[in-house]
Amino acid sequence: PRVTPVSDVYAALALHAERYAEAVEYDIESLSPALRDKGAADTIRAVYAGIEDPSKKSRAIAALQRLEAGASPAELTQGVRKQLLRWYTLLGALDVAYALMTRSLDHFARSGTIGAGWGVLWLPEMKPFRQDPRFNAIAARLGFFEFALMEINVGELQMMVRLVEMMNLRLQFLDATA
């Protein structure tokens, strides 16, 4: 399998360019052997079929729920949870996405964390998730409000903004050359 998050980035670029077959392949390549054995490749195909054809959304959501229910906690890594969250949102299943997010935060809280790398929440396709009134409770659990009140060094912040801008330019270049 390819190393995530590289394959995740390529899958996202393919998704945004509506190259669904390509996105499917990148997402399948990043699967763990355990999830492959549980039929996750077929689930991913169903997800993209549901994204492309709204009449197939219900089938895709049901396939995701079966995969999630059949996976062990060890198989539901944070990367897998983020991917499921993204797919549920893309399919318009916000209630299911919020239930997963709550279970995920509960899971991580038992180990004393909130997880890491929740940047997936800021992807363009996650806008419906962020616009939902329930997002405020999620943001509070993730500590976003406390973070916003922190004193931040302006120089460090400017450097982070430049880094993000450079990453965005790189993604645009990759998309244009694909």
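Which value, in Å² and to the nearest 10, is the accessible area of Phe144 when all protein chains are kept and the probe is 1.4 Å?
60
For Ala62 and Ala140 in the same chain, what is the full-extension length gain: residue separation times 0.36 nm, less their Cα-Cα distance, in nm?
25.1 nm
So if R0 is 30 Å, what FRET efficiency would Arg130 and Ala21 give, r being the distance between their Cβ atoms, rounded to the nearest 0.05?
0.60
What accessible area per residue comes out for the range 47-117, rounded to a whole number of Å², with a 1.4 Å probe?
46
Taking 7 Å along the Cα-to-C-beta vector as the label spot, tell me the Thr77-Ser55 distance in nanometres, rounded to one decimal.
3.8
Across bins of 5 angstrom width beginning at 0, how are the C-alpha pair distances of the range 1-71 distributed, in whole percent?
Reading upward from the zero bin: 4, 19, 25, 25, 20, 7, 0.
What translational diffusion coefficient, to the nearest whole µm²/s, does the range 72-120 have by Stokes-Einstein, given a Kirkwood radius computed over alpha-carbon pairs, a temperature of 20 °C and 1.002 mPa s viscosity?
This corresponds to a translational diffusion coefficient of 195 µm²/s.
In a solvent-free Debye calculation with one equal scatterer on each Cα, what is log10 I(q)/I(0) for the range 96-149 at q = 0.19, 0.26, 0.29 Å⁻¹, listed in the order of the q values?
Values returned for q = 0.19, 0.26, 0.29 Å⁻¹ are -0.68, -1.24, -1.40.
For the range 88-95, just list the computed ³J(HN,Hα) in residue order, Karplus coefficients 6.51, -1.76 and 1.60, θ = phi - 60°, integers in Hz, with x standing in for Gly and Pro.
Each residue of the range 88-95 in turn: 4, 5, 4, 8, x, 9, 5, 4 Hz.
Output ³J(HN,Hα) for the range 121-127: one whole-Hz value per residue in order, computed from phi by the Karplus curve 6.51 cos²θ - 1.76 cosθ + 1.60 with θ = phi - 60°, and x for Gly and Pro.
Result, ordered by residue: 5, 9, 5, x, 6, 8, 4 Hz.
The values are calculated or read from the model by the stated rules, or taken from the named source; none is laboratory data. Keep in mind that what you see is a predicted model, and the values were worked out from it rather than measured. As a convention, Cβ positions derive from the backbone with ideal geometry for all residues, glycine included, and neighbour counts pool all protein chains shown. We work out accessible area using only protein heavy atoms, side chains counted, and drop any ligands, DNA or RNA first. Shrake-Rupley method; radii C 1.70, N 1.55, O 1.52, S 1.80 Å.
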